[in-house]
Amino acid sequence: MILRHLLVVFALLIALPAQGEGEAVVAGLSQNRVAITANFDGSEILIFGAVKREEPIPEAPPLEVIVTVSGPSEPVLVRRKARRFGIWVNTDSVLVDAAPSFYAVATTKPLADILRDVEDLRYQISIPRAIRSVGAAMQIRDSANFTDAVIRIRTDKSLYQMLEGQVNLSESTLFNTSVALPSNLIEGAYTTRIFLTRGGTVVDAFDTELEVRKVGLERWVYNLAYDRPLIYGLLSLFIAIVAGWGASAVFRYFLRS
Amino acid sequence: MVMQIYLPIAEISVNAFLLLGLGGLVGILSGMFGVGGGFLMTPLLFFIGIPPAVAVATEANQIVASSFSGVLAHVKRRTVDFRMGTVLLIGGLVGAALGVQLFNTLKSVGQVDLLVKLSYVIFLGIIGGLMFFESLRAIRRSRVTGGAAKRRKHNWVHNLPFKMKFRTSGLYISVIPPLIIGVFVGVLAAIMGVGGGFIMVPAMIYLLGMPTKVVVGTSLFQIIFVTAFTTLLHATTNFTVDMPLAVLLLIGGVVGAQIGTRIGTRLKAEQLRILLAIMVLAVCAKLAFDLLLQPSELYSLGPGGGE
């Protein structure tokens, strides 16, 4: 399976016309779709690729690879509890403009060593940079605590993953990594980005999309619930009542016999 | 064996057997005490990571099923006061409509969790405490005199207008108190994801003076219609009813309720009441501690797309 993908990459390498300017990345995913079925329990995607170059491999600084996978970005309302009248209640809140619902960063080395801050700011690679929180500073003085909370809570749920040193790079040419998608995924278009860096500067970038969708029964239930809510509600009740009546009838039958 | 199931509306993956087991456990209690079981199930669903809005709406759907099998058992034993049930139901429908409105308003302000938890602590505390001491006294009294406690007391409830005859309960009282109880229970059904039995059962016994025998069946009768209405309101305004979640909970719940109803008929009313009181107080204490102790995570995330 992996071998076949690698062969495809090689075929692409040979077929593509030479661009003659430094290094470029060619990559693929083990799958372009993640189907959320009834027994969906997370999924693992394999990201692999190669560095295309015309000239011999430059000596230094060494080539590094950064891979990011991000889910759809959405605004997040972060609330903080404080003690009021002896009980803990939500008091302050901050609206974070956009935070990816899922975000994983896989690298060949610790991110700080292979990516300069300026480049991080430009490409929004590290987790804090992937979160856009422009208005937060105007809403509250300690807005950083709120964005930290987003990262902390989502990291706990494996929705944000920092996978430093998890990209395998061989001969400064072939690389691969895998990212585990947890079961609590949100539907949508996921973006995979691959960056090549040298001396902390991005040399080339590549991105591709990954579609996460509910399928089958899951799709049907979800669509019905949103498109025909009244019918869905009535159907839910009907199923509930039939099951309730049915199970009690079955139960009584077994008690008698 | 682990069987994960992905819930399409809650958008998380949960163990199917965990849901069946929770349904069964709560179903037994529901059948025993004539309460919907929602006041136990809804917090349990929070604990396993179901979003509160989905838990409340789905629980309403599940209560319909678990109460349906219970009500069938009671109809057969003629322990349902249909007339009283209908009066309670009219109030309940009005209350449910108000409750969903309130729920949606508070959700947009971010205080719905607090309201839900505070309501739990307050109502469970009062009801549990009252029931506990009342049934303790009843047990002590029956030990001393050897006879059953005198049930029917005349209080202010009996001096109100619009009186109606409730033959099954053996009552001739005003329809105002049952209507108000119905509205109140309807509001709670909508905002707390409960059937409201834990409020209605004591209210029927202590306020209306109904015989304990018909209280359970009559409350279940009201509950199925009010929760069905609540389910439809949540499904059409919030899109938060998770059908597969409800089905799994109810398969466990329906079987549990049948077992529970049988256990319930073998226990004495006073014993039943003191057991329910202890359980209500335990849930109350747990929720109160959660509000009083500093949570390990002070921050929480919510969708930011709201108004």
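The values are calculated or read from the model by the stated rules, or taken from the named source; none is laboratory data. Everything quoted here is computed from the prediction, not taken from an experiment. FYI the Cβ positions are ideal-geometry reconstructions off the backbone, even for glycines, and counts take in every protein chain you see. Areas reflect the complete protein model, heavy atoms only, side chains present, ligands, DNA and RNA absent. Shrake-Rupley method; radii C 1.70, N 1.55, O 1.52, S 1.80 Å.
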* Name the strands (runs of 3 or more DSSP E) wholly inside the stretch A:133-194 in which the number of residues that are away from chain B (no Cβ under 11 Å) and at positive phi is 1 or more. => none
* **Of the criteria (1) under 27 Å from A:Phe238 (Cβ atoms); (2) open to solvent by less than 10 Å² (accessible area, probe 1.4 Å), which one B:Leu44 fails** => (2)
* Condition met for A:Glu164 (closer than 15 Å to A:Leu111 by Cβ, in the same structural domain as A:Gln31 (by TED's automatic domain parsing) and open to solvent by 50 Å² or more (accessible area, probe 1.4 Å)) -> yes
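Which one of A:Ala112, A:Ala82, A:Ala98 is free of Cβ contacts under 8 Å to residues at least 60 places away in the same chain, in a strand (DSSP E or B) and under 22 Å from the mean Cα position of the chain (by Cα)?
Numbers: A:Ala112 fails: in a strand (DSSP E or B); A:Ala82 fails: under 22 Å from the mean Cα position of the chain (by Cα).
Exactly one residue qualifies, and that residue is A:Ala98.
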* When residues of the stretch B:47-83 are limited to those that are open to solvent by 10 Å² or more (accessible area, probe 1.4 Å) and in contact with a strand residue (DSSP E or B) (Cβ under 7 Å, 6 or more places away or on another chain), the one nearest to the other protein chains (Cβ to nearest Cβ) -> B:Gly49
* Structure fact -> Of the listed residues (A:Ser178, A:Ser172), the one being under 22 Å from B:Ser13 (Cβ atoms) and either surrounded by fewer than 21 Cβ atoms within 10 Å (Cβ to Cβ) or free of Cβ contacts under 8 Å to residues at least 12 places away in the same chain (or both) is A:Ser178
* Asked: Looking at B:Leu298, is it more than 7 Å from every other protein chain (Cβ to nearest Cβ) and not small (Gly, Ala, Ser)?
  -> no
* modelled with pLDDT of 90 or more, in the same structural domain as A:Asn184 (by TED's automatic domain parsing), surrounded by 15 or more Cβ atoms within 10 Å (Cβ to Cβ) and not aliphatic (A, V, I, L, M) - does that describe any residue in the stretch A:130-143? -> no
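Where residues in the stretch A:85-95 are in contact with a helix residue (DSSP H, G or I) (Cβ under 9 Å, 6 or more places away or on another chain) and in a strand (DSSP E or B), which of them is farthest from A:Arg193 (Cα to Cα)?
From the stretch A:85-95, those in contact with a helix residue (DSSP H, G or I) (Cβ under 9 Å, 6 or more places away or on another chain) are A:86-90, A:92-95; that's our starting set.
Imposing the further condition that a residue be in a strand (DSSP E or B) reduces the set to A:87-90, A:92-95.
Numbers: A:Ile87: 45, A:Trp88: 41, A:Val89: 40, A:Asn90: 37, A:Asp92: 35, A:Ser93: 32, A:Val94: 29, A:Leu95: 26 Å.
Filtering first and then ranking leaves A:Ile87.
For residues that are touching a residue at least 40 places away in the same chain (Cβ under 8 Å) and surrounded by fewer than 18 Cβ atoms within 10 Å (Cβ to Cβ), scanning just the stretch A:214-241, find the one that is nearest to B:Ala57 (Cα to Cα). I'd like the intermediate steps shown before the answer.
From the stretch A:214-241, those touching a residue at least 40 places away in the same chain (Cβ under 8 Å) are A:214-218; that's our starting set.
From what's left, surrounded by fewer than 18 Cβ atoms within 10 Å (Cβ to Cβ): A:215-217.
Working: A:Val215: 24, A:Gly216: 24, A:Leu217: 20 Å.
This residue is A:Leu217.
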* Asked: When you go through B:Leu249, B:Leu293 one by one, which is the residue that is within 11 Å of another protein chain (Cβ to nearest Cβ) and open to solvent by 60 Å² or more (accessible area, probe 1.4 Å)?
  -> B:Leu293
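Any residue at all in the stretch B:96-116 that is touching an Asp or Glu at 6+ places or on another chain (Cβ under 8 Å), assigned to a helix (DSSP H, G or I) and surrounded by fewer than 17 Cβ atoms within 10 Å (Cβ to Cβ)? Full working, then the answer.
If we filter the stretch B:96-116 for residues that are touching an Asp or Glu at 6+ places or on another chain (Cβ under 8 Å), which is where we start, we get B:108.
Subsequent filtering for residues that are assigned to a helix (DSSP H, G or I) retains B:108.
With surrounded by fewer than 17 Cβ atoms within 10 Å (Cβ to Cβ) added as a condition, the list becomes B:108.
The answer is yes; a qualifying residue exists.
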* Structure fact -> Selection over the stretch B:158-174 where residues are open to solvent by 20 Å² or more (accessible area, probe 1.4 Å) and in contact with a helix residue (DSSP H, G or I) (Cβ under 7 Å, 6 or more places away or on another chain) yields a count of 3
* Take the residues in the stretch A:78-96 that are open to solvent by less than 50 Å² (accessible area, probe 1.4 Å) and in contact with a Pro (Cβ under 7 Å, 6 or more places away or on another chain), then tell me which one is nearest to B:Leu301 (Cα to Cα). => A:Val96
